[in-house]
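Bear in mind that the values in this text are calculations on the coordinates, not laboratory data. Note that this is a predicted model, so its numbers are computed, not measured. Note: ideal-geometry Cβ built from the backbone for every residue, glycine included; neighbour counts use all protein chains shown.
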Amino acid sequence: MLGNDFCHLFSKAIAIPALAIFASSLLAADVGIAEKGAFSLLNPTPRHLMREMSTDRPDTTESPYSVDAGHVQVELSFVDYASNDDDGERTNTLGVLPTNIKVGLLNNVDVQFVFTPYERIETETDDSSQSQSGLSDDTQIRLKLNLLGNDGGETALAIMPFIKLPTGSDQLSNDHVEGGIMLPLAISLPNDFSLGLMAKLDYVYNDAADDYGFNLVHTATIGHPIAGDLSGYVEYIGIAPHETSASYQAIASGGLTYAINDHWILDCGGTVGISDSADDFTVIAGTSFRF
């Protein structure tokens, strides 16, 4: 059952962007503030007016730029692999085709559907081993509302409420609705450097306490072109728990992206746990494309 506190939190998270969407729609219709403001899901943005492609992967810091109205962007990993050895218990996790499907609703709004078709978790100790597999990660639905800089400027900001529905396999899902809100910020720096920052509040279920708690996720990433269409990034990820029976996680991340063309990007990356509570390492490789 979803608690009253979560319902209250999520209703606020939805109300704020909903009001902003309504206001931006009126502004575009009545004033014609920008040519692209008139486009919508049923009146797609012409391809020659589409903004530069921006993805929420492979780093953890989300992008504040939304998918153009009437277009679809698919971001997926071929495989995600994570490994952790904690107090003699070794856990290896393999996710196959973790996918984020984004649909542009308005010039500054998109909706996203995040899921993993198959995941396998293997846990080993000196005396035993077990594995679990199936549909994993449940299903996450996100709404991205760009507030600033979607089509120009040195700074871009968005608000992203999300909810997680317990649709995963019984052995992999915690069978509870969760959610939260993200605030991604992008800043253009001198000499072609870019800075990404994100604050994320996760409202998560704590099985040990049979109640909900919070995770405050905070990230910072710096990116720069390397050669031609090849770029790289380094990132710090911190996860500060509150009433979740967990400890602070500090994580270092890095990776590469390569733009095949204006609508197709390949990527790879990984993380290394700085704190003992984080996974020892993760490795991902995938692609993003839009149409």
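Okay, here's what the table says:
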| quantity | calculated |
| --- | --- |
| Footprinting exposure proxy for Leu147, Leu42 (fewest neighbouring C-beta atoms within 10 Å first) | Leu42, Leu147 |
| Around Asp127: net Lys/Arg minus Asp/Glu count, Cβ-Cβ under 13 Å | -2 |
| Farthest toward positive dipole pole in the chain [+1 Lys/Arg, -1 Asp/Glu at C-beta], among Leu189, Pro117, Ser247 | Leu189 |
| Ratio Rg/Rh [Cα only; Rh per Kirkwood] for region 137-291 | 0.99 |
| Exposure proxy ranking, count of Cβ atoms within 10 Å, fewest first, for Thr99, Thr55 | Thr99, Thr55 |
| Cα extents of the chain along the three principal axes, largest first (Å) | 68, 50, 31 |
| FRET efficiency for His242 and His263, using Cβ-Cβ distance with R0 set to 51 Å, rounded to 0.05 | 0.80 |
| Crossing angle, helix 4-31 versus the chain [Cα axis fit, 0-90 degrees, rounded to tens] | 20 degrees |
| Region 67-166: GluC sites (Glu not before Pro) in DSSP coil with no more than 11 other Cβ atoms inside 10 Å | Glu154 |
| Principal axis box of region 57-214, alpha-carbon based, largest edge first, Å | 58, 34, 32 |
| FRET E, pair Leu197, Val283, Förster distance 35 Å, beta-carbon r, rounded to 0.05 | 0.90 |
| Cα-projected label distance for Asp170 with Gln132, points at 7 Å along beta-carbon direction, nm | 1.2 nm |
